[in-house]
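Following: one structure in structure tokens, then a few remarks.
The values are calculated or read from the model by the stated rules, or taken from the named source; none is laboratory data. Keep in mind that this is a model prediction, so the values were computed, not measured. Neighbour counts run over all protein chains shown; Cβ positions are idealised from the backbone, glycine included.
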Amino acid sequence: MTAPAKRPSGQEGSFWKTKTLEEMSDGEWESLCDGCARCCLEKLEEEDSGEIYFTHVSCALLDSGLCACKDYENRSARVSDCVRLTPANVRTINWLPPSCAYRLVAEGRDLYWWHPLISGDPNTVHEAGVSVRGRVVGTEDEIPDAELEDHIVQWPTLLPRQARLKRRPKA
């Protein structure tokens, strides 16, 4: 019995389809980030089950309007629990959102239409409703840890309908 033929993706010649995560240059690696900033949201882990819960509270260094770190180069020194994504850990981190390009590439999947490497536009991640823009209620410096349970949200683990489309919706 033969395996079913792999569907052509339209992304076959792209560096994320031709290189392993380990083979990517620093620039290629950085360009995989879609700028959604979902990974910059505070998360809670259920001690017994290990289940992860996202909040709509961000890291103190996140500029939630730009969906970018205010001090990217020094983030690890300034935020002790900041997790730097690497080829090794993106395969094992259980809290990466389902839309995360690092996760998708590690799984051999295509990027979505709204990813800047596909669309050519860094704003399509916001247009598709994937980013945290307009959804963060405060930072970890403003909201005490004891109140984080009151800020649990489901949307970071979900993809909005327009983000799941095969191509950019017509305006």
Meets criteria (part of a loop (DSSP other than H, G, I, E, B), within 12 Å of the chain's Cα centre (by Cα) and in contact (Cβ under 8 Å) with a residue 24 or more places away in the chain) for Pro122: no
Name the residue that is surrounded by the most Cβ atoms within 10 Å (Cβ to Cβ), counting only residues in region 127-154 that are part of a helix (DSSP H, G or I) and in contact (Cβ under 8 Å) with a residue 60 or more places away in the chain. His151
Subset of region 107-121 (residues that are under 23 Å from Phe54 (Cα atoms) and either at pLDDT 95 or above or touching a Cys at 6+ places or on another chain (Cβ under 6 Å) (or both)): Leu111, Tyr112, Trp114, His115
Got a number for residues in region 155-167 being in a loop (DSSP other than H, G, I, E, B) and exposed (fewer than 12 other Cβ atoms within 10 Å of the Cβ)? 2
A careful count of residues in region 42-85 that are closer than 26 Å to Pro122 by Cα, at pLDDT below 95 and of a type in the set (S, T, N, Q) gives 2
Select, from Ser25, Ser58, Ser9, the only residue that is under 30 Å from Arg135 (Cα atoms) and among the small types (Gly, Ala, Ser). Ser58
Residues of region 9-41 being of a type in the set (Asp, Glu) and farther than 16 Å from Gly120 by Cα, which ones? Glu12, Glu22, Glu23, Asp26
